[in-house]
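What follows is calculated from the coordinates using simple rules that are stated; it is not laboratory data. Keep in mind it's a predicted model, so treat the numbers as computed, not measured. Counting neighbours? That spans all protein chains shown, and the Cβs are built from the backbone with ideal geometry, glycine included.
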Amino acid sequence: MFDKIWDSHVVHKISEKEFILYVDLHLIHEVTSPQAFDGIRLAKRTVRRPDLTLATTDHNTPTINRNQPLKDKIAELQLKTLAKNCKDFGITLYDMKSPFQGIVHVIAPEQGLTHPGKIIVCGDSHTSTHGAFGTFAIGIGTSEVEHVFATQTIRQFKPKTMQINLTGSLPSGISSKDCILWIISQIGISGAREHVVEYTGNCIESFSMESRMTLCNMSIEAGARAGMIAPDNITFEYLKNRKHSPNHQSFEKAVKIWSTLKSDPNAKYDKVVDISVEDIEPMVTWGTNPGMSTPISGKIPELASFGSEAEQLPIKRALQYMNLEAEQPISEINIDRVFIGSCTNSRIEDLRIVRDIVAGYAVNKTVQAMVVPGSTSVKKQAENEGIDKVIKDAGFEWRDAGCSMCLGMNEDVLKPYERCASTSNRNFEGRQGHNGRTHLVSPAMAAASAIKGHFTDIRSWKFKT
Amino acid sequence: MKPFKKLTSTILPLDRSDIDTDQIIPKQFLKRITKSGYGEFLFYNWRYNSKGNPNLSFELNDLKYKDSQILLTGNNFGSGSSREHAAWALLDYGFKCIIAPSFADIFYNNCFENGILPISLPNKIIEPLMLKCINKPTFKITINLLDQTITNISSSKSLIKFEIDSARKNTLLKGIDNIGETLHYESKIKAFEDKQGKHKGILPF
């Protein structure tokens, strides 16, 4: 599949290794684009294909009091700069007032812009999300954003390929988030470096598009250049009748073409990893990168289990930062905050799970919990389904769409030393706020821990509905 | 972009692996709309304590290395976010070369876009070099990109030859503007678009 997409996009072969590839969709946001616009202005260049470029505001947008002026004036300037740039170059912008605004990796699929076979780029590492549709989708730097503006192409060194074959069926209560955290714990945070990962196996075939997006989204946390899943009927059903999907007869033709992208059963990969999903438990990270995790039934590991003194050092640092001790059971870790959101887990399926868990319960009085839908459309759909009411009744805050506390560029940040159960993708030092402590979990695990005040095994949850 | 040809400098040892771009430049400094002035925020949360005073135990605050233009560090440097602000901050602070056992993919590419030379060397070379720089802060090397060599300047002894892709090497040596290069193939881009146009709205490629 990867080779088919690559080969069909080659504009020019520079050498055996380096290629110029055509870009079908360029997604931009306020943080990584201003310097690229400056660059093209300085060089007296222009945006070659504004019609293949889509902008939204997500990284620093407030999730509360949107009708009021922004308190953060530097952030406001960044948002205004994006609006001006889009206007000057004729680019469609879904800003804070738009019903289509949201996290860039949530809105493109839901608007039907992410089609199988496309090459999609964005100045954001989680662009790998779109690979769930059988696209080659990669995060790029701002210089490359400028390159795409000017040429609608990217220069790429051909990456190696890695197959991650997931077999078996997921046990009840286990999500694709647990799956990807388990995979990263097995192959390491640089285990897929220089590779494009293709997820295969019967487990994937049963995954919804939302679950597939979660899996591909966090491929970058294993160091992968991109994550991909071959399109199938689940993909086509998802795309049917979306705003920018081909309509009626064209859709049938498109499906025929998309179906040809199916992975060749004899495809050769540079690396193959087989993983059985049958024994995966709910996962919780305890350290300062997404590879430092353990099943909910586990404990904080002993330093000695990491080998030499040099190998123990980063673990020691991580535990010190997280204020955790070896042998501490995960289920006894108390939390102060819960964040349900981010491009990893903020789609309607995630919110439905949260609703089912919290219905009839109240957020623990020691915990402050918030739900931030991935897009304004997701928010509206959730409200139509009455999800917001159940969640608010339980004591969660119900916010407007954006990246929010996944990276804390707006006001949604942890206070120093607060401990958070988060459905986001990175537990790096300071990621959610200076000296904040992040534990990555699935939406179900985050919701349940908000109720209990500590991590708890979702498999034994007593549903009240 | 300034070309990179040769560099002689002391080396700042930062003996940690998996340093992510959130550490290199924290998110609160990503709201600016310019490319310059990020050096003062480099490694901000490690470099300063919560009162904003320099954390003296952090390597960057060690005056013995204040003029180092080479950063020597651990595995998987630059992982996480794609923010090019990380490369801008390193360059603005004064680092022109980073030596590590491995780099995260997006960061590695961002280095070349900004005239920074990232050199990957095996652990068996990095480890003794790290010790050497820790024990002898005045230890200087010369990096010659054309020959792909690192030389110990006090003994003029060549320490190692490093590997680098020839196209990337050329970009750095000449300070090439990639966009200008790609635009040489504009007729090919146009031809690709014309071919694609026939199936507009149906064909994904």
- [ ] Grab the other residues whose beta carbon is less than 15 angstrom from that of residue A:68, score K and R as +1, D and E as -1, and report the net.
- [x] +1
TODO: Identify which of B:111, B:97, B:133 has the largest mean-square fluctuation in a Gaussian network model of chain B, with springs joining Cα atoms closer than 10 Å.
DONE: B:133
Task: Nearest-0.05 FRET efficiency for residue A:384 and residue A:262, computed from C-beta distance (R0 56 Å) - done: 0.95
TODO: Based on other C-beta atoms within 10 Å, arrange B:132, B:51 from fewest to most.
DONE: B:51, B:132
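Hey, what number do you get for chain B at 222 nm if only DSSP H runs of n ≥ 4 count, each worth -39500 (n - 2.57), divided across all residues, to the nearest 500? Don't skip to the end; give the middle numbers.
On the way: 8 runs with 66 residues, N = 205.
So the helix-based figure for chain B works out to -9000 deg cm²/dmol.
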- [ ] Express in whole angstrom the spacing between the alpha-carbon centres of the stretch A:116-161 and the stretch A:299-313.
- [x] 37 Å
Task: Net dipole in debye of the stretch A:22-67 [+1 Lys, Arg Cβ; -1 Asp, Glu Cβ; about Cα centre; nearest 20] - done: 240 debye
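How big is the dipole moment of the stretch A:299-459 about its Cα centre under a simple scheme where the beta carbon of each Lys and Arg is +1, that of each Asp and Glu is -1, and everything else is neutral? Debye, nearest 20, please.
Values: 20 positive and 21 negative charges, 53 e Å.
It comes to approximately 260 debye.
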- [ ] Sticking with the crude label model, points 7 Å out along Cα→Cβ, report the distance from residue A:334 to residue A:252 in nm, one decimal please.
- [x] 6.4 nm
- [ ] Grab the beta carbon distance between residue B:148 and residue A:464, set R0 = 60 Å, and tell me the FRET efficiency rounded to 0.05.
- [x] 0.35
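Would you mind counting up the charge near residue A:267? Only other residues with Cβ under 9 Å from its Cβ, with Lys and Arg at +1 and Asp and Glu at -1.
Details: positive: A:268; negative: A:3, A:198, A:264.
Its environment carries a net charge of -2.
Where both residues lie in the stretch A:2-271, what percent of DSSP beta bridges are antiparallel, nearest 5?
Numbers: 8 of 31 bridges.
The antiparallel proportion sits near 25 percent.
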- [ ] For residue A:92, list long-range residues whose amide hydrogen, built 1.01 Å from N in the peptide plane, is under 5 Å from its own amide hydrogen.
- [x] A:55
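How do A:209, A:283 line up, fewest other C-beta atoms within 10 Å first? Walk me through the numbers before you get to the answer.
On the way: A:209 21, A:283 28.
If I rank by nearby Cβ atoms, fewest first, I get A:209, A:283.
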Task: Rounded to 10°, Cα long-axis angle of helix B:123-135 versus longest principal axis of chain B - done: 40 degrees
Open item on the list: Please compute the length gained on full extension between residue B:124 and residue B:181, using 0.36 nm multiplied by the number of residues separating them and subtracting their Cα-Cα distance.
Closed with: 16.8 nm
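Give the average, rounded to an integer, of partner chain Cβ atoms located within 10 angstrom of each Cβ in A:145-151. Present the calculation step by step, with values, prior to reporting the outcome.
Values: counts 2, 3, 7, 1, 1, 6, 9.
The mean count of partner-chain Cβ atoms within 10 Å per residue comes to 4.
For a 19 Å ceiling on Cα separation, which of these pairs sit above it: A:4/A:268; A:71/B:31; A:44/B:195; B:96/B:174; A:392/A:415?
Details: A:4/A:268 13 Å; A:71/B:31 14 Å; A:44/B:195 28 Å; B:96/B:174 15 Å; A:392/A:415 23 Å.
From the list (A:4/A:268; A:71/B:31; A:44/B:195; B:96/B:174; A:392/A:415), the Cα-Cα distance tops 19 Å for A:44/B:195; A:392/A:415.
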Task: Amide H within-cut-off set for residue B:84, under 5 Å, with H built and near neighbours excluded - done: A:142
Task: Span from the the stretch A:402-462 Cα centroid across to the the stretch B:4-81 one, whole angstrom - done: 27 Å
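Return the percentage of antiparallel bridges among DSSP beta bridges fully within the protein assembly as shown, rounded to the nearest 5 %.
On the way: 28 of 82 bridges.
So the antiparallel bridges amount to about 35 percent of the total.
Based on the mean of other beta carbon atoms within 10 Å per residue, what is the order of A:137-143, A:377-383, most packed first?
On the way: A:137-143: 26.9, A:377-383: 19.7.
Top of the packing list down: A:137-143, A:377-383.
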Open item on the list: Whole-Hz ³J(HN,Hα) for each residue in the stretch B:138-148, computed from phi via Karplus 6.51 cos²θ - 1.76 cosθ + 1.60 with θ = phi - 60°, x for glycine and proline: what do you get?
Closed with: 7, 4, 10, 10, 10, 9, 10, 5, 4, 8, 6
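Would you mind ranking A:51, A:388 by Cβ crowding within 10 Å, fewest neighbours first? Intermediate values should be presented prior to the final figure.
On the way: A:51 10, A:388 19.
Arranged by neighbour count, lowest to highest, A:51, A:388 become A:51, A:388.
Quote the charge dipole size of the stretch B:1-89 about the Cα centre in Debye, to the nearest 20; the model charges only the Cβ of Lys and Arg (+1) and of Asp and Glu (-1). Display every interim value, and only then the final one.
Values: 13 positive and 9 negative charges, 83 e Å.
Using Cβ point charges on Lys, Arg, Asp and Glu, the stretch B:1-89 gives about 400 debye.
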TODO: Before rounding to the nearest 500, sum -39500 (n - 2.57) across all DSSP H runs of length at least 4 in chain A and divide by the residue total; then give [θ] at 222 nm in deg cm²/dmol.
DONE: -9000 deg cm²/dmol
Open item on the list: Suppose the chain between residue B:55 and residue B:191 were pulled fully straight at 0.36 nm per residue; how much longer would it get relative to their current alpha carbon spacing?
Closed with: 43.3 nm
- [ ] Calculate the length of the line joining the C-alpha centroid of the stretch A:180-251 to that of the stretch A:337-367, in whole Å.
- [x] 23 Å
TODO: Determine the sum of side-chain charges near residue B:8: Lys and Arg each +1, Asp and Glu each -1, restricted to other residues whose C-beta is under 12 angstrom from that of residue B:8.
DONE: +3
- [ ] Could you tell me what percent of the DSSP beta bridges with both partners in the stretch A:299-459 are antiparallel, to the nearest 5?
- [x] 15 percent
- [ ] Starting from the Cα-Cα distance between residue A:308 and residue A:279, subtract it from 0.36 nm times their residue separation and give me the gain in nm to one decimal.
- [x] 7.5 nm
- [ ] Please give the FRET efficiency for residue B:170 paired with residue A:158, using the beta carbon to beta carbon distance and R0 = 22 Å, rounded to the nearest 0.05.
- [x] 0.75
